[in-house]
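Working notes, beginning with the structure itself.
The values are calculated or read from the model by the stated rules, or taken from the named source; none is laboratory data. Here the structure is a predicted model, which is why all the values come from computation and not from measurement. Positions of Cβ are backbone-derived with ideal geometry, glycine not excepted, and every protein chain shown enters the neighbour counts. SASA here: full protein model, heavy atoms, side chains in, ligands and nucleic acids out. Shrake-Rupley method; radii C 1.70, N 1.55, O 1.52, S 1.80 Å.
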Amino acid sequence: MRLNGLYAIAAVAMITVATSATAQTVDAARPSSLVAALQEGGYKAALDTDGSGDPRIKSAASGANFSIYFYGCTANTNCKSIQFSTSYTVKPKLTLQKINEWNAKNRFAQAYLDQDGDPVIQFDVVLQNGAPSRLFLASVERWTTAMGAFQTFIGW
């Protein structure tokens, strides 16, 4: 009898942990889950849409605004991945050699010069089928750290 009671307690604990983990997942198919995770992590987050109608989240960190774009969407829903992105205006303009120097030394956040010659930094994350919100927030931290390092690198 005592052994059956322990099994019951263990089963309830496992169900509680599984339910808790499910409640704390983010998924690119559910943009509001990313907004909630960002806000729980202390970031501002506002959901809107980009020029093609896909979801977009606007936020800020390291003294600059950034956007989270959604990719792999079907009819502007059921997205599969996201991309953190921000751009900066700096004078004098950066050279392609300078941007290549950043890319050669930084694995996670890649940069390029946009059509106006302004530096852009981006960071991609696959969130198809969900991920724990703590893993997503770790990616956000990596992103914001990269933003700060990039700002220093470009003299912003």
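Measuring nothing but alpha carbons in the range 33-104 and taking Rh as the Kirkwood radius, the Rg to Rh ratio lands at 1.06.
Computed per residue of the chain from DSSP H runs no shorter than four, each worth -39500 (n - 2.57), the mean residue ellipticity at 222 nm is -13500 deg cm²/dmol.
Using R₀ = 30 Å, calculate the FRET efficiency as 1/(1 + (r/R₀)^6) where r is the Cβ-Cβ separation of LYS105 and GLN39; round to 0.05. With a Förster radius of 30 Å, E is 0.40. Solvent-accessible area assigned to carbon and sulfur over the range 54-98 amounts to 51 percent, based on a 1.4 Å probe. Per residue, the chain exposes 59 Å² of accessible surface when a 1.4 Å probe is rolled over the protein heavy atoms with every protein chain present. What would the Debye equation give as log₁₀ I(q)/I(0) for the chain at q = 0.15 Å⁻¹, counting only Cα atoms as equal point scatterers? After summing over all Cα pairs, the log10 values are -0.82. Among the trypsin sites (Lys or Arg not before Pro) within the range 21-109, those in coil by DSSP and having at most 13 neighbouring Cβ atoms inside 10 Å are LYS44, LYS93, ARG107. The Rg/Rh ratio for the range 98-152 is 1.04, where Rg is the radius of gyration of the alpha carbons and Rh is the Kirkwood radius.
Loop-resident chymotrypsin sites (Phe, Trp or Tyr not before Pro) (DSSP state other than H, G, I, E or B) in the range 43-112 with no more than 14 further Cβ atoms inside 10 Å of their Cβ: PHE108.
Report the Cα centroid-to-centroid distance between the range 81-98 and the range 105-156 in angstrom, as an integer. That distance is 11 Å. A simple spin-label model places pseudo-atoms 7 Å from Cα toward Cβ; at VAL90 and ASP124 they are separated by 2.4 nm. Projecting the Cα positions of ALA29, THR152, GLY53 onto the charge dipole of the chain (unit charges on Cβ atoms of Lys, Arg, Asp and Glu, taken about the Cα centre) puts THR152 furthest along the positive direction.
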